[in-house]
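Inspection log for the structure reproduced underneath, given as structure tokens.
The values are calculated or read from the model by the stated rules, or taken from the named source; none is laboratory data. These numbers come from a predicted model, not from an experiment. Using ideal geometry, Cβ is built from the backbone for each residue, glycine included, and neighbour counts are taken over all protein chains shown. For the accessible areas, the whole protein counts, side chains as well, though only heavy atoms, and no ligand, DNA or RNA atoms are used. Shrake-Rupley method; radii C 1.70, N 1.55, O 1.52, S 1.80 Å.
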Amino acid sequence: MKILFAASEAAPYIKTGGLGDVAQALPQELVKNKEVEVCVFLPYYKKIKDNPDFKVEFVKSFTTNLSWRNTYVGVFKAVSRSKKLSYYFIDNEYYFYRDSLYGDYDDGERFAYFSMAVLETLHEIEYYPDIIHCNDWQTALIPTLKKAKFGGQPEYDRIRTVFTIHNIEYQGKTPKEFLTNVLGLNDSWKSLLTHGDCLNFMKSALETADKITTVSKTYSYEIRHAYFAHDLEDILNENAYKIEGIVNGINTTVYNPRTDPDIEQNFSEKNLTGKAADKAYIQEKLGLPVRADVPVIAMISRLVSHKGLELVDFVMSEIMNRDIQFIVLGRGDTKYEDMFKFNSYCNRDKLSANITFDPVLANQIYAGADMLLMPSKSEPCGLAQLIAMRYGTVPIVRETGGLWDTVQPLNIETLEGKGFTFKVYNAHDMLGAMDRCISFFYDKQKWSKHVKNLIKYNSSWKQPVTEYLRIYNELMG
Ligand code: GLC
């Protein structure tokens, strides 16, 4: 079985968020199955091209047509990877030799180009996969372009497409003129690609992909409702028959407190002294008083409102009134960055604001913290809670999407369940869940028993991979 995995980011080459983790781990796990071969397609960004650690070889170059444009496509391939898992990079410096991945005025054109180039590469290198697995809006045009530009060619017609929604909020919208100006498609494709006043890449994928998946079960139901769907609920309801939710795993080899080289002291469920040392280490490192008796609450997140930052903002002064320590790590909207900076200035002993993206520090915080706060308004899957649990850090989450699927409410009598949860998107409900977790923290015996249970909990990719393979097989008939 040959799978082409198309994404706008994949670690270790390039990563800005959870998609980068999934696009690394899922292909790696898939090829552990004998009959599976995966090639991952990525844009050849500046950050990849300029990194001497990544050795690539030139495969070939050709041109592709986007409307009137005749555009260069260079294809590079990573050297010395296994035959079963290969990485291809689409090179075009005009589109990808830039400092950041997203956020430019011509993002629509850049990723339309990428989608077209991926499809064009197949006949250029004479490699036809059974399945093309696309992810999020950046690769959402692939199923439609496959039909529109390559329909009627048997090698392309037999390829089945899967489209995974990692986050429905970002859909890839462009002005309507894009249809002819950039994609070079005639009006017969208009209704398929149009949604409201613009072209909408994600909407077209929902219509044309053979299968739609979301990264948790609950999210697959939530997005059929307006509250979560960012205006795509009708399209999702029409296509409900082909939607399925599969909760992400984490790479349990990379995220392993027994072996993680980035943390101060390794530990396991057998002995928590290492975790206590990691707590003291992170407190010291971040300039907080080194105290074992105070709960350390961490937040490792993009600082944007749908991650629940508005709730935290609303009750920040109340949080600071408690005997706790709060560590935040992440970047995002200036409003929230400033809120944390200001509050840490006023509460140096309680709040450590790390407004940066730092994977090593992240692991040290996962290991050293007692609790992880994730009060998302919506959460397609969420990886931080899975990583936190693996490091024995108790999650406090809102009951939504993947958080609801992975963090069952803890019964503090029986110790069944995983963490502290709240239902309503309300700041004081969140604070209530935090307070319940803080009280439980002082029940020392039960707390450490629960921490040990969490470390044992295994959210590996084993189960999700079985489900993806089932879907691929079903599509291939
Ligand atoms: C997006 C979602 C997040 C999910 C990740 C990987 O970043 O917001 O919830 O875990 O994709 O699928």
remark   = re the range 128-200: pairs of Cα atoms spaced beyond 20 Å account for a percent value of 34
Along each principal axis, Cα extent of the range 20-72, largest first, Å = 42, 28, 21
note = Binned at 10 Å starting from 0, the alpha-carbon pair-distance distribution of the range 206-265 in whole percents comes out as 21, 36, 15, 17, 11, 0
message = Just to confirm my numbers, what's the Cα centroid distance between the range 381-399 and the range 286-349 in Å?
response = 17
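If you take the Cα atoms of the range 163-270, find Rg, then find the Kirkwood Rh from the mean of 1/r over all pairs, what is Rg/Rh?
Details: Rg = 19.5 Å, Rh = 16.3 Å.
Answer for the range 163-270: 1.20.
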query = If we sort 315-322, 98-105 on the protection proxy, mean other Cβ atoms within 10 Å, highest first, what's the order?
reply = 315-322, 98-105
inquiry  = Between Lys55 and Tyr94, what is the label-point separation in nm under the 7 Å Cα-to-beta-carbon projection?
reply    = 3.3
query = Is it possible to state the helix-based mean residue ellipticity at 222 nm for the chain, with each DSSP H run of 4+ residues giving -39500 (n - 2.57), the sum divided by total residues, to the nearest 500 deg cm²/dmol? What is it?
reply = -11000 deg cm²/dmol
ask   = What value does the range 1-94 have for Rg/Rh, both radii from Cα atoms and Rh as Kirkwood defines it?
value = 0.99
Calculated from backbone phi, Karplus (6.51, -1.76, 1.60) coupling profile of the range 405-420 in Hz, x at Gly/Pro = 6, 10, 10, 6, x, 7, 8, 6, 7, 8, 6, 7, x, 10, x, 9
ask   = Remind me, what semi-axes does the range 273-456 give for its equivalent ellipsoid, largest first in whole Å, using sqrt of 5 times each Cα gyration tensor eigenvalue?
value = 22, 20, 15
request  = Return the sequence-ordered ³J(HN,Hα) values of the range 286-292 in whole Hz as given by the Karplus equation 6.51 cos²θ - 1.76 cosθ + 1.60 applied to θ = phi - 60°, using x for Gly and Pro.
outcome  = 9, x, 9, x, 7, 9, 7
note = HN-Hα couplings for the range 33-38 via Karplus (6.51, -1.76, 1.60; θ = phi - 60°), in whole Hz with x for Gly/Pro, come out as 8, 3, 7, 9, 10, 10
inquiry  = Considering just Cα atoms, how many Å³ per residue does the convex hull of the range 402-442 enclose?
reply    = 64
message = Taking R0 as 30 Å, what FRET efficiency do you get between Glu126 and Met476 from their Cβ-Cβ distance, rounded to the nearest 0.05?
response = 0.90
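Exactly which trypsin sites (Lys or Arg not before Pro) in the range 192-269 are in a DSSP loop and have at most 13 other Cβ atoms within 10 Å?
Details: sites: Lys203, Lys211, Lys217, Arg224, Lys242, Arg258; in loops: Arg224, Arg258.
Loop-located and lightly packed - Arg258.
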request  = Enumerate the amide H contacts of Leu185 below 5 Å, restricted to partners 5 or more residues apart or on another chain; note that Pro and chain-start residues carry no placed amide H.
outcome  = Thr180
message = Could you tell me how many cubic angstrom of Cα convex hull volume the range 402-477 has per residue?
response = 110
key: Beta bridge orientation in the range 32-108: antiparallel %, DSSP, nearest 5   = 70
key: Accessible area (Å², per residue) of the chain, counting only protein heavy atoms and a probe of 1.4 Å   = 40
key: Value of Rg to Rh for the chain (Rh from inverse mean 1/r over Cα pairs, i.e. Kirkwood)   = 0.98
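Which semi-axis lengths, in whole Å and largest first, follow from the square roots of five times the eigenvalues of the Cα gyration tensor of the range 33-143? Present the calculation step by step, with values, prior to reporting the outcome.
Values: eigenvalues 94, 60, 40 Å².
Ellipsoid half-lengths, sorted descending, are 22, 17, 14 Å.
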request  = Would you pull out the residues with amide H under 5 Å of Lys377's amide H, same chain only if 5 or more places away, H placed 1.01 Å from N?
outcome  = Lys307, Gly308
